[in-house]
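Have a look at the structure below before the remarks.
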């Protein structure tokens, strides 16, 4: 079964063709990062305008690269949330039109569920059901949460961010450090050779609150204080070229605080849920320090670590088509009635 | 080049909250459906399209050309309409023809009146109005000015035989206050329907006028203003 996937939830215009849920025949991503770079973050109106301009070409490229004709497409899958409403609507409208024209089923896919599925995208990758139960750390520019997966379509959200996503924390920190956008890769590069223990930035401990259960509180994230701590640090320690602390050490210390917060809560979640596998998915999971510490955590807990291939960590349509290819998502008449759901969640 | 003889056109317009779809054979409207869109009901186009095809006993595969109203108007509605026609046309690379919704509206007005020109004026939000002058031409109308953005206080300079608007409910009081004495104000809402878009596209194709670029008519930049170049890093080493 060949599924054409479409993903336009944020600033990547993506299309992919996936066979039988795991074999990626083509995955094309038009990244809008250069268009948003001057603004230090994603501008929704720029994103949706460019999705409309580039999506048809991206879809045709995916079909060409897959070596298939339109007649060989068996279903069209599309992200319907969460994400930017105006961007989601471009992908959703295109997908509905294609499904109608091709007379094939339309499948609506939750972007977060697609990310959790992304480590399975390989012909010799694991089958989703076979690796469950697992705890997944979903970490990107727009989302940060911990999810328990008991199988396709069976998720329970364990923890979430109470303010910024980890990717936002990287972006804001990079902005304060003058490193540009996107912040994750910029801080990753800038921290090379730096001392991650030079400054002890806060690890984002969440406070008990009436809105979060005591157990969830331990598994929730908070990054807004970290950015403020960096701001105050830079005000109090104006740095001169050639004198310590180096930019590398500040960047490494800031990165360490984010990574520690993520890894510690993942450790708590894995212990609490008593699972034998954990996964890290989303764009921030490409961070080299995070990967290093996740591998250490997996070894110490004696659990298997599942990571997506780098091209499937960032937003892509292969994960959308893949998840639809194993029968997940909203289909049938309900799919044609789907509207964009910017605040869609997972496992609630 | 496209020929209009017996050409089956599927037209749509979502530039206003009155969305519509129409099927035309050349300049003959075979069927039309319209609805009132809202933020809670943005997907009605996809309910109506199968119903229109069923009512006219036609299939998407029979459509020769897709026509779409490009606005000005609701950016979200316009993007959905453009994305939809591009999706419908993509598999067999059918023609997609874009025409300004304002032109479609002006052409219909000029065809039914003795006015020689029509100034189409709409709400551009952000305390501005958009306007464009269209003049009568054989077989339709043509734009006689660029797109203009005006403050509400600066409307009186927009000279034409008549003023018409798709946004009477929101800006009618402004137009009443400023309409020039020699200009006739049409005191009702004029809606750019899919049928009018289809007819405008048909006439333009016949006159060998190419499609407008297939992107909504954006009268405002994409909001954000570029920041000054990044300063030196806060820390160096």
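The values are calculated or read from the model by the stated rules, or taken from the named source; none is laboratory data. Because the structure is a prediction, the values reported are computed rather than measured. A quick note on method: Cβ atoms are made from the backbone with ideal geometry, for glycine too, and the neighbour counts reach across all protein chains shown.
Residue by residue, here is whether (1) over 30 Å from residue B:92 (Cβ atoms); (2) part of a helix (DSSP H, G or I); (3) within 14 Å of chain B (Cβ to nearest Cβ); (4) within 20 Å of the chain's Cα centre (by Cα) holds:
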| site | (1), (2), (3), (4) |
| --- | --- |
| A:41 | yes, no, yes, yes |
| A:49 | no, yes, yes, no |
| A:57 | no, yes, yes, no |
| A:61 | no, yes, yes, no |
| A:125 | yes, no, no, yes |
| A:135 | yes, no, no, yes |
| A:142 | yes, no, no, yes |
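Might you let me know whether the stretch A:201-212 holds any residue that is within 13 Å of another protein chain (Cβ to nearest Cβ) and either under 20 Å from residue A:246 (Cα atoms) or modelled with pLDDT under 95 (or both)?
no
Quick check on this structure: which one of A:178, A:125, A:142 is modelled with pLDDT under 95 and under 16 Å from residue A:287 (Cα atoms)? Break it down stepwise before answering.
Values: A:178 fails: under 16 Å from residue A:287 (Cα atoms); A:125 fails: under 16 Å from residue A:287 (Cα atoms).
On inspection, the qualifying residue turns out to be A:142.
From the list B:89, B:83, pick out the single residue that is touching a strand residue (DSSP E or B) at 6+ places or on another chain (Cβ under 9 Å), on the phi < 0 side of the Ramachandran plot, free of Cβ contacts under 8 Å to residues at least 24 places away in the same chain and within 14 Å of chain A (Cβ to nearest Cβ). Give the derivation first.
Details: B:83 fails: touching a strand residue (DSSP E or B) at 6+ places or on another chain (Cβ under 9 Å).
When all the criteria are applied, what remains is B:89.
Identify the residue in the stretch B:28-46 that is exposed (fewer than 14 other Cβ atoms within 10 Å of the Cβ) and within 12 Å of another protein chain (Cβ to nearest Cβ) and, among all such residues, is modelled with the lowest pLDDT.
Narrowing the stretch B:28-46 to residues exposed (fewer than 14 other Cβ atoms within 10 Å of the Cβ): B:28, B:36, B:38-41.
Next, from what is left, pick out any that are within 12 Å of another protein chain (Cβ to nearest Cβ): B:38-41.
On the way: B:38: 73, B:39: 66, B:40: 62, B:41: 65.
The extreme case among them is B:40.
Which of (1) touching a residue at least 12 places away in the same chain (Cβ under 8 Å); (2) surrounded by 14 or more Cβ atoms within 10 Å (Cβ to Cβ); (3) not assigned by TED's automatic domain parsing to the domain that holds residue B:109 is the odd one out, the single condition residue B:222 does not satisfy?
That leaves (1) as the condition not met.
Would you call residue A:137 under 25 Å from residue A:230 (Cα atoms) and at pLDDT below 95?
In short, no.
Counting just the residues of the stretch A:295-317 that are assigned to a helix (DSSP H, G or I) and in contact (Cβ under 8 Å) with a residue 40 or more places away in the chain, which one comes out nearest to residue A:111 (Cα to Cα)?
Only one residue tops the list, namely A:312.
Among the residues in the stretch B:153-160, are any part of a helix (DSSP H, G or I) and more than 14 Å from every other protein chain (Cβ to nearest Cβ)?
Yes, the stretch B:153-160 contains at least one residue that is part of a helix (DSSP H, G or I) and more than 14 Å from every other protein chain (Cβ to nearest Cβ).
Residue A:178 passes all but one of (1) within 14 Å of chain B (Cβ to nearest Cβ); (2) without any contact (Cβ under 8 Å) to a residue 60 or more places away in the chain; (3) assigned to a helix (DSSP H, G or I); which number fails?
(3)
Take the stretch B:47-74 and flag every residue that is without any contact (Cβ under 8 Å) to a residue 40 or more places away in the chain and away from every other protein chain (no Cβ under 11 Å). Please lay out each step first, then the result.
In the first step, residues of the stretch B:47-74 are kept if they are without any contact (Cβ under 8 Å) to a residue 40 or more places away in the chain; the result is B:47-57, B:59, B:61.
Once the filter is applied, which keeps residues that are without any contact (Cβ under 8 Å) to a residue 40 or more places away in the chain and away from every other protein chain (no Cβ under 11 Å), the stretch B:47-74 yields B:48, B:51, B:52, B:54, B:55, B:56, B:57.
Which of the residues spanning the stretch A:238-249 are at pLDDT 85 or above and more than 7 Å from chain B (Cβ to nearest Cβ)? Give the steps one after another, and end with the answer.
Step one: filter the stretch A:238-249 for residues at pLDDT 85 or above, giving A:246-249.
Matches in the stretch A:238-249: A:249 only.
Under the condition of being modelled with pLDDT of 90 or more and assigned to a loop (DSSP other than H, G, I, E, B), which residue from the stretch B:10-26 is nearest to residue A:94 (Cα to Cα)?
Only one residue tops the list, namely B:14.
Among the residues of the stretch A:274-294, how many are at positive phi and either assigned to a helix (DSSP H, G or I) or touching a residue at least 12 places away in the same chain (Cβ under 8 Å) (or both)?
1
Out of all the residues in the stretch A:72-96, which are part of a helix (DSSP H, G or I) and more than 9 Å from chain B (Cβ to nearest Cβ)?
A:72, A:87, A:88, listed by residue number.
Which residue out of A:106, A:137, A:158, A:146 is touching a strand residue (DSSP E or B) at 6+ places or on another chain (Cβ under 7 Å) and outside the structural domain of residue A:271 (by TED's automatic domain parsing)?
Numbers: A:137 fails: outside the structural domain of residue A:271 (by TED's automatic domain parsing); A:158 fails: outside the structural domain of residue A:271 (by TED's automatic domain parsing); A:146 fails: outside the structural domain of residue A:271 (by TED's automatic domain parsing).
Unique residue meeting the criteria: A:106.
Return the residues of the stretch B:129-154 that are within 17 Å of residue B:169 (Cα to Cα) and without any contact (Cβ under 8 Å) to a residue 40 or more places away in the chain; say none if nothing qualifies.
Across the stretch B:129-154, the qualifying residues are B:131, B:152.
Part of a helix (DSSP H, G or I) and crowded, with 24+ Cβ neighbours inside 10 Å - does that describe any residue in the stretch A:145-166?
Checking the stretch A:145-166: at least one residue is part of a helix (DSSP H, G or I) and crowded, with 24+ Cβ neighbours inside 10 Å.
Restricting to the stretch A:318-339, give me the number of residues that are assigned to a loop (DSSP other than H, G, I, E, B) and buried (at least 24 other Cβ atoms within 10 Å of the Cβ).
1
Pick out the one residue from B:77, B:98 that is part of a helix (DSSP H, G or I), within 14 Å of chain A (Cβ to nearest Cβ), in contact (Cβ under 8 Å) with a residue 60 or more places away in the chain and closer than 21 Å to residue B:190 by Cα.
Result: B:77 is the single residue among B:77, B:98 that is part of a helix (DSSP H, G or I), within 14 Å of chain A (Cβ to nearest Cβ), in contact (Cβ under 8 Å) with a residue 60 or more places away in the chain and closer than 21 Å to residue B:190 by Cα.
For the stretch A:200-211, indicate whether the set of residues that are touching a helix residue (DSSP H, G or I) at 6+ places or on another chain (Cβ under 6 Å), closer than 26 Å to residue A:320 by Cα, surrounded by 20 or more Cβ atoms within 10 Å (Cβ to Cβ) and in the same structural domain as residue A:228 (by TED's automatic domain parsing) is non-empty.
No, the conditions are met nowhere in the stretch A:200-211.
I'm trying to understand the selection: among the residues of the stretch A:181-194, which are more than 11 Å from every other protein chain (Cβ to nearest Cβ) and closer than 22 Å to residue A:236 by Cα?
Result: A:187, A:191.
Here is a list of conditions, (1) under 15 Å from the mean Cα position of the chain (by Cα); (2) over 23 Å from residue B:31 (Cβ atoms), and residue B:154 meets all of them except one; can you say which number that is?
Of (1) under 15 Å from the mean Cα position of the chain (by Cα); (2) over 23 Å from residue B:31 (Cβ atoms), only one is false for residue B:154: (1).
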